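Visitor: Before I ask anything, let me first share the structure, which is written out below as structure tokens.
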Amino acid sequence: MEATNLHFLAIFLLLVTNVSAITSAAAAASSSSSSSYSNFIKTSCSTTTYPKLCNQCLSSYASVVRSNPWKLCNSALSVSLQAARNASSLVAVLSNQRGLTKAEATIIKGCIENLEDSIDELKRSIKAMARIGGSSTSSSAAKKNKVGFQMASVKTWVSAAITDEDTCTDGFAGRKVSAGVKSKIRSSIVNVARITSNALSLINHLNY
Ligand SMILES: *[C@@H]1O[C@H](CO)[C@@H](O)[C@H](O)[C@H]1NC(C)=O
């Protein structure tokens, strides 16, 4: 009787120890993978022109991206789209400001159009990338060619988005726009152009 009880106790203790060992191993694995996911983003961002901004924008996507470079690029494009929409709504608010000169109104209107183009180009890139990402593991030569062709289009659209963002502030070079309006628009545009240029540089590093 006593021996059976001891036997039972031994098995019980063994089980408890095993379960807790497994639990803590799982916790360690998940925390080490989550830090390796953060590291993946940091390392990828270090190849961009604005690494700090890149990491700031993308670190919250670590659990989505894991260590998938295609997902990283998609997230970078989504953030670029968000930033372009933010810039666009800021400029739209400023365009409704009272007391703008005619020249200011014209330049701001042009800027809104540029941002709309940029938003369209980013949306198109995101759609195309989502399609391509799923088939990127294929090794057939025909598929590789197709991916190469589609990626060339994505790069063209993202470059065009950057050009449109930059063009937005071109009209500000002269003295036709007041300093206050200029600086508000400019900082928002500089931000979106940097974020988009980081996205392009991540896309340029993709292997396919
Ligand atoms: C866009 O604006 C929202 C709301 O103000 C903000 O939470 C978000 O961080 C902004 N995103 C970017 C990329 O600038």
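The values are calculated or read from the model by the stated rules, or taken from the named source; none is laboratory data. Given the structure is predicted, the values throughout are model-derived calculations rather than measurements. All Cβ positions, glycine included, derive from the backbone under ideal geometry; neighbour counts span all protein chains shown. Only protein heavy atoms, including side chains, enter the accessible area calculation; ligands, DNA and RNA are left aside. Shrake-Rupley method; radii C 1.70, N 1.55, O 1.52, S 1.80 Å.
Visitor: Using the Karplus equation 6.51 cos²θ - 1.76 cosθ + 1.60 (θ = phi - 60°), what ³J(HN,Hα) coupling, rounded to whole Hz, does each residue of region 49-63 give in order, writing x for Gly and Pro?
Guide: So the Karplus estimates, Gly and Pro as x, are 6, 10, x, 5, 4, 4, 5, 4, 6, 10, 4, 6, 9, 3, 6 Hz.
Visitor: Provide the per-residue ³J(HN,Hα) series for region 188-203, in order, calculated from phi with Karplus coefficients 6.51, -1.76, 1.60 and θ = phi - 60°, each as a whole number of Hz, with x at glycine and proline positions.
Guide: 5, 5, 4, 4, 5, 5, 5, 5, 5, 5, 4, 4, 4, 5, 5, 5
Visitor: Which of the residue pairs LYS42/LYS143; LYS42/LYS146; LYS52/LYS155; LYS127/LYS182; LYS102/LYS184 have a Cα-Cα distance greater than 28 Å in the structure shown?
Guide: Violating the 28 Å Cα-Cα cut-off are LYS42/LYS143; LYS42/LYS146; LYS127/LYS182.
Visitor: To continue, here is another question. Once fully extended, how much extra length lies between ASN86 and GLU116, figured as 0.36 nm per residue of separation less the alpha-carbon to alpha-carbon distance?
Guide: Here the answer is 9.7 nm.
Visitor: Modelled label-to-label distance, ALA128 and LYS146, 7 Å Cα→beta-carbon offset: nm?
Guide: 1.6 nm
Visitor: Further question: Note down the accessible area of GLU116, probe 1.4 Å, to the nearest 10 Å².
Guide: 100 Å²
Visitor: For THR156 and ASN68, what is the calculated FRET efficiency with R₀ set at 30 Å and r taken between the beta-carbons, to the nearest 0.05?
Guide: With a Förster radius of 30 Å, E is 0.80.
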